[in-house]
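Participant: Could you have a look at this structure, given as structure tokens, before my questions?
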Amino acid sequence: MQELLFSVLLVESGTEAAWVLFGLTAQLLFAGRMLVQWFASEREKKSVVPVAFWWLSIVGGLMLFAYGIWRQDLVIILGQSLGVVVYARNLWFIYGAQRDG
């Protein structure tokens, strides 16, 4: 079973397999944000960006950033680094507006 998993994931060790599964989970979270946004917009019959979209963006983005560091992949690192700042800033605005009332 382990050999099959390693061959499917194109890895040679348990550590590599864990990181690839981490990266796949991150990508699923990041992609899931689009489904959340789509369903919310369909429900409202207009374009809506729910708070869950930003949370999935930041969690998925941070996980992909960590995965990019492990892979030493500059494309992933650069691709996620700016986005995480934008997602955090949007959450800051949302929760700031709720606090200010």
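The values are calculated or read from the model by the stated rules, or taken from the named source; none is laboratory data. Note that this is a predicted model, so its numbers are computed, not measured. Every residue, glycine as well, gets a Cβ built from its backbone with ideal geometry; the counts of neighbours run over all protein chains shown.
Participant: Is at least one residue of segment 53-60 loosely packed, with under 14 Cβ neighbours inside 10 Å and assigned to a helix (DSSP H, G or I)?
Facilitator: No, that holds for no residue.
Participant: What single numbered condition from (1) at pLDDT below 95; (2) more than 17 Å from the chain's Cα centre (by Cα); (3) surrounded by fewer than 14 Cβ atoms within 10 Å (Cβ to Cβ) fails to hold for Leu9?
Facilitator: (3) is the only condition that Leu9 fails.
Participant: Can you pull out the residues in segment 14-42 that are of a type outside the set (Val, Ile, Thr) and closer than 14 Å to Arg71 by Cβ?
Facilitator: Glu16, Ala17, Ala18, Trp19, Leu21, Phe22, Gly23, Leu24, Ala26, Gln27
Participant: Shifting gears a bit: Within segment 61-97, restricting attention to residues that are touching a helix residue (DSSP H, G or I) at 6+ places or on another chain (Cβ under 8 Å) and among the aromatic types (Phe, Trp, Tyr), which residue is surrounded by the fewest Cβ atoms within 10 Å (Cβ to Cβ)?
Facilitator: Filtering first and then ranking leaves Trp70.
Participant: Looking at (1) under 26 Å from Ala97 (Cβ atoms); (2) at pLDDT below 95, which is the one condition that is false for Gly79?
Facilitator: Failing condition for Gly79: (1).
Participant: If you don't mind, another one. Among (1) in contact with a Ser or Thr (Cβ under 8 Å, 6 or more places away or on another chain); (2) outside any helix (DSSP H, G or I), where does Val49 come up short?
Facilitator: Of (1) in contact with a Ser or Thr (Cβ under 8 Å, 6 or more places away or on another chain); (2) outside any helix (DSSP H, G or I), only one is false for Val49: (1).
Participant: Return the total of residues in segment 12-52 being of a type outside the set (Gly, Ala, Ser), surrounded by fewer than 16 Cβ atoms within 10 Å (Cβ to Cβ) and within 12 Å of the chain's Cα centre (by Cα).
Facilitator: 6
Participant: Could you tell me whether any residue of segment 44-62 is more than 26 Å from Ile94 (Cα to Cα), of a type in the set (Asp, Glu) and out of contact with any strand residue (DSSP E or B) (no Cβ under 9 Å at 6 or more places or on another chain)?
Facilitator: Checked segment 44-62: no residue is more than 26 Å from Ile94 (Cα to Cα), of a type in the set (Asp, Glu) and out of contact with any strand residue (DSSP E or B) (no Cβ under 9 Å at 6 or more places or on another chain).
Participant: Oh, and also: Is there a residue being within 12 Å of the chain's Cα centre (by Cα), touching a residue at least 40 places away in the same chain (Cβ under 8 Å), under 18 Å from Arg33 (Cβ atoms) and in a helix (DSSP H, G or I) anywhere in segment 79-100?
Facilitator: No, there is no match, as no residue in segment 79-100 is within 12 Å of the chain's Cα centre (by Cα), touching a residue at least 40 places away in the same chain (Cβ under 8 Å), under 18 Å from Arg33 (Cβ atoms) and in a helix (DSSP H, G or I).
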